[in-house]
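Since the structure comes first, as C-alpha cells, the remarks are kept for the end.
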Amino acid sequence: MTAAVRQPTFIELFTPKLATVLREGYRFADLKADAVSGLTVAIVALPLSMAIAIASGVTPDRGLYTAIIGGFIISALGGSRFQIGGPAGAFIVLVAATVMQHGIDGLLLATFLSGIILLAIGLLRLGTFIKYIPYPVTVGFTAGIAVIILASQLKELLGLTLAGAEPGPFVPKLQALAAALPTFNPSAAALALLSIAAILAVRRFRPHWPGYLIAVGLASATAWLLHLPVETIGTRFGEVPHSLPMPALPAFSIEKITAVLPAALSFALLGGIESLLSAVVADSMTGRRHRSNCELVAQGIANMASALFGGICVTGTIARTATNVRAGARGPVSGMLHALFILLFMAVAAPLASYIPLAALGAVLAVVAWNMAERHAFATLVRASRGDAVVLFATFLLVVFRDLTEGILVGFGIGALLFLHRMAQAVEVEHPQPMIAPDRPDQENGDRRTRYDSTVATDPNVVVYRISGAFFFGAAASVAAALERIGEHPKAYIIDFTGVSVFDSTAAATIEGFARKIARRGGALYISGATASIRHVLLAQGVRPPAVRYKPKLEDALAAAHKALEKPATPE
C-alpha cells in the first residue's frame with residue numbers, strides 16, 4: 001500500500017518566503033547581495049514606474065507610490081523569494097479606461113476592491129487554478145497589450161498636440177493621432193530616437209548597466225542644455241512630491257462599488273495571472289518553488305495598501321523580477337530594499353524628475369512594448385496548430401479592438417472547447433472480434449492476463465467492449481454510437497473500464513441507457529475494471545445490480561458471463 005501524501009498545513013501554505021529565508025539563516029553577505037540587487041532593480045523601476053503611471057492617465061508620483069508601497073509589501077509577505085512588485089505595463093489599458101470612465105477616485109476604489117478579491121482568491125486556495133489559462137491566451141493578450149501600449153505612446157514619441165482628449169479605443173486613437181500629424185515636433189522625435197538608441201546600445205555593449213535610467217538621463221540633459229521645446233514632467237504635472245501622502249480610504253458608496261466592480265475584477269484577474277507568471281519565471285531561473293496562494297494574498301494586501309496611499313494597481317513584474325535574479329538577489333529583502341531606494345530618490349532627488357522629457361519616457365515604454373510582444377512565441381503558436389492559432393488570434397484581436405477582459409474570457413472559452421474536442425476525439429471504444437477464452441494463460445510471463453487477441457476463438461454469445469481515454473460529456477455521443485453499432489444481439493455484454501481515465505455523470509447516463517436496452521433484449525451486462533470513483537458515479541446514476549454486474553477484472557467478468565450462459569442465471 002502506498003503512503004498517503006501529506007497535505008501542507010495552513011501555516012505552511014501562507015508563510016511568507018521572507019520568514020523562510022530568515023529561518024534558514026540570513027548573513028551579512030546575503031544582505032550585501034540583496035542591497036546591490038535592490039539598488040539595481042530600483043534604478044530600472046524608477047523611470048518605468050513614472051512612465052507607466054503617465055501612460056495610464058495618472059500623475060507620475062502615483063507610479064512611485066505604487067512601487068514603494070506595493071513593492072515593499074509584495075516582497076515582505078509574498079510567496080516568492082525574488083518577486084518584484086510595482087506598476088505593470090499590462091495594466092495601462094485597464095487603468096486608463098477606468099480613469100476615463102470613473103475618475104481617480106473610481107480607480108483607487110477599484111484597486112482597493114481588486115485587493116480584496118485577490119486576498120479572497122488566495123485564502124480560498126484558488127491560485128492553482130490560474131495556471132489553467134492556456135498559453136496561447138497569455139501570449140495573445142500580452143501581444144495585444146504591447147500593441148496598445150505602443151499606440152498610446154505615439155503622441156509622446158512624435159510630440160503631437162491633439163485638439164481634444166486622446167481617445168481610448170484603438171481605432172479612434174489612431175484616427176486622432178493621424179489628424180494631429182501636422183503638429184509633429186522634430187525635437188521630441190529626436191529625443192525619443194536618442195533614448196531608444198541609448199537603451200539598445202547599453203543592452204548590446206553593457207547589458208548590466210541601467211539602460212532605461214541612462215537613456216532618460218541623457219535625454220533630460222540634452223533637452224535642458226539645448227533648451228529644446230519639448231514637454232517634460234514638470235511642464236505637464238508640476239514637481240514630483242518629496243514624500244509619501246498620508247493614507248486614506250478611497251471614497252465609496254454602494255453605487256460607486258457597483259460601478260467599478262467590473263474593473264476591479266479585471267484588475268484582480270490580470271494581476272493574479274501576471275504575478276504568478278512572474279513567480280514561475282523566477283522559479284525557472286533559480287530552481288526554487290513559490291507558494292502561489294501566499295503570493296496572491298500578498299498581492300491583495302499590496303493593492304489595498306497601494307490604494308490607501310493613492311497608488312495604482314500593483315503586481316509582480318516579470319522584467320524587474322528577472323533583473324533582480326540576474327543581479328544576485330538572495331531573498332525578499334532585495335525587493336524590500338528596492339522599494340526603500342525609490343523612496344530615498346523621492347526624498348532627495350524628486351526635483352530632478354521635472355526635467356525628464358515625456359518623449360524619453362515614451363521611448364522607454366516603446367521598448368517595453370516591443371519586449372512584451374513575445375514575437376517568437378507568437379510565430380511559434382501560429383505554426384504549431386490551427387487550434388492554437390485560432391485561440392491566439394481571437395485573444396489578440398479582441399484585446400486590441402474590443403476589451404482586455406473580453407479577450408481573455410473568449411480566448412479561454414475557445415481554448416477550453418478545443419481541449420474538450422481533442423479529449424473527446426482521444427476516447428476509444430474497442431470491440432475485438434473474436435474474443436479470447438477466459439482461462440488462457442499468458443505464455444510469456446507465466447501469469448493469467450486477458451488480451452484482445454483476434455487469433456483466438458471465443459463464444460459468439462459474449463461481446464466485449466473496451467473503453468479507454470476520457471469518457472465524459474464531450475465523448476458520450478460517440479461512445480453511445482459505438483456501443484449500438486453491433487448488429488447481432490448476443491446474450492451477454494462486457495464493458496471494460498480499465499483504460500478509462502476520466503468519467504462523469506453524462507458518461508454514466510450513457511451506460512445507464514445502454515443497460516436498459518440490454519435488459520429489454522433479455523441480455524446481461526457486466527462492467528469490469530471500474531475504479532471506486534467510477535463505480536460511485538455509475539451507482540448514483542442508477543446503474544445497479546441486478547441490471548448490471550460489477551467485476552474487478554475482465555477475466556472475472558468473462559468467467560461469470562460464460563458460467564451464466566451454461567446454466568440458468570441465479571441471483572449473485
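Structure summary
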item: Cα-projected label distance for PHE205 with PHE473, points at 7 Å along beta-carbon direction, nm; result: 6.2 nm
item: Degrees, to the nearest 10: 135-152 long Cα axis against longest axis of the chain; result: 20 degrees
item: Calculated FRET efficiency for the pair ALA259/ARG544, C-beta based, R₀ 51 Å, to 0.05; result: 0.45
item: Along principal axes, Cα extents of region 151-309, largest first, whole Å; result: 51, 47, 37
item: Length-normalised contact order of the chain in % [C-alpha pairs under 8 Å, at least 6 apart]; result: 21 percent
item: Dipole axis of the chain (+1 Lys, Arg; -1 Asp, Glu on Cβ), positive-most option in VAL297, HIS338, GLY79; result: GLY79
item: Projected label distance in nm at SER284 and LEU397, using a 7 Å step from Cα toward the beta-carbon; result: 2.8 nm
item: Extreme residue, positive dipole direction of the chain, given options LEU200, PHE252, PHE14 (C-beta unit charges); result: PHE14
item: Backbone N under 13 Å from the ILE116 label point (7 Å along Cα→Cβ), restricted to region 264-279; result: 264-265
item: Ranked THR258, THR531, criterion: other C-beta atoms within 10 Å, fewest first; result: THR258, THR531
item: Förster radius 22 Å - calculated FRET efficiency between VAL502 and ALA480 (Cβ-Cβ, nearest 0.05); result: 0.85
item: Packing-based exposure ordering (other Cβ within 10 Å, fewest first) of HIS242, HIS338; result: HIS242, HIS338
item: Dipole of the chain, positive direction: furthest Cα of ILE534, ALA347, ALA268, with charges on the beta-carbon; result: ILE534
item: Backbone N within region 82-116 under 14 Å of label point (7 Å from LEU126 Cα along the Cβ vector); result: 114-116
item: Given charges at beta-carbon only (K, R positive; D, E negative), |dipole| of the chain in Debye; result: 680 debye
item: Modelled FRET efficiency - R0 51 Å, TRP224 with GLU406, Cβ distances, 0.05 increments; result: 0.70
item: Label-point separation in nm, LEU181 to THR235, each point 7 Å along Cα→Cβ; result: 2.4 nm
item: Along principal axes, Cα extents of region 1-76, largest first, whole Å; result: 61, 33, 18
item: Helix-only mean residue ellipticity at 222 nm for the chain, each DSSP H run of n ≥ 4 adding -39500 (n - 2.57), per residue, nearest 500; result: -19500 deg cm²/dmol
item: Relative contact order of region 254-378, pairs being alpha-carbon contacts under 8 Å that are 6 or more residues apart, as %; result: 22 percent
item: Volume in Å³ per residue [convex hull over Cα atoms, computed for the chain]; result: 216 Å³
item: Helix axis angle, 170-179 relative to the chain longest principal axis, alpha carbon, degrees; result: 30 degrees
item: Sequence of VAL333, VAL399, VAL41, VAL36 once ranked by neighbouring C-beta atoms within 10 Å, starting from the fewest; result: VAL36, VAL333, VAL399, VAL41
item: Share, in percent, of DSSP beta bridges within the chain that are antiparallel, nearest 5; result: 25 percent
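Bear in mind that the values in this text are calculations on the coordinates, not laboratory data. These numbers come from a predicted model, not from an experiment. Neighbour counts are summed over all protein chains in view; Cβ atoms, including those assigned to glycine, are modelled from backbone coordinates with ideal geometry.
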